[in-house]
Amino acid sequence: WRIPMPKTFNNETYYRTTEVCTMTGISKGTLFRWIRVGIIPDSELKDRNGWRLFSKKEVSNIRAIANKTTR
């Protein structure tokens with residue numbers, strides 16, 4: 001078992017789905033549903049395994065939406 005770590009490319013930090021969910025307080029199901037229905041855009045970058053990678057800006061946007069829905 002390995003703790004996921006953020007990835008850095010071109011001096012930009014990216015986070016995997018699990019990390020994004022932990023950071024924003026939402027479930028994977030919610031994240032994928034929001035992507036599917038267009039509440040948030042899909043991540044612009046994927047790693048070599050096809051896993052989504054979210055930038056800090058994308059995580060901030062997801063967190064803002066999550067905060068709006070929990071109030």
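A few remarks follow.
- With the simple model of a label 7 Å out from the Cα in the direction of the Cβ, Ile65 to Arg33 spans 1.3 nm.
- When Thr18, Thr13 are compared by accessible surface with a 1.4 Å probe, the order from highest to lowest is Thr18, Thr13.
- Under the Karplus curve 6.51 cos²θ - 1.76 cosθ + 1.60, θ = phi - 60°, whole-Hz ³J(HN,Hα) for the range 6-18, x wherever Gly or Pro sits: x, 9, 10, 10, 6, 6, 10, 9, 10, 10, 7, 3, 4
- Selected from Thr24, Asn11, Asn61, residue furthest toward positive end of dipole (the chain; charges at beta carbon): Thr24
- In a simple Cβ point-charge model (Lys, Arg +1; Asp, Glu -1; nothing else charged), the chain has a dipole of about 200 debye relative to its Cα centre.
- Residues whose amide H falls under 5 Å from that of Ile40, counting only those 5 or more places apart or on a different chain, are Ile35, with hydrogens built in the peptide plane.
- Within the chain, helix-based [θ] at 222 nm, where runs of 4 or more DSSP H residues each add -39,500 (n - 2.57), nearest 500: -13500 deg cm²/dmol
- Gain on full stretching of the segment that runs from Asn10 to Arg48 - 0.36 nm per residue minus C-alpha separation: 12.1 nm
- Under-5 Å amide H pairs with Leu45, H placed in peptide plane, nonlocal only: Leu53
- Surface calculation, 1.4 Å probe, protein heavy atoms: Asp47 sits at approximately 30 Å² accessible.
- The mean sequence separation of alpha-carbon pairs under 8 Å and at least six residues apart, normalised by the residue count of the chain, gives a relative contact order of 32 percent.
The values are calculated or read from the model by the stated rules, or taken from the named source; none is laboratory data. All figures in this text were calculated on a predicted structure; none of them were measured in a lab. Using ideal geometry, Cβ is built from the backbone for each residue, glycine included, and neighbour counts are taken over all protein chains shown. These area figures cover heavy atoms from the full protein model, side chains too; ligands, DNA and RNA do not enter into them. Shrake-Rupley method; radii C 1.70, N 1.55, O 1.52, S 1.80 Å.
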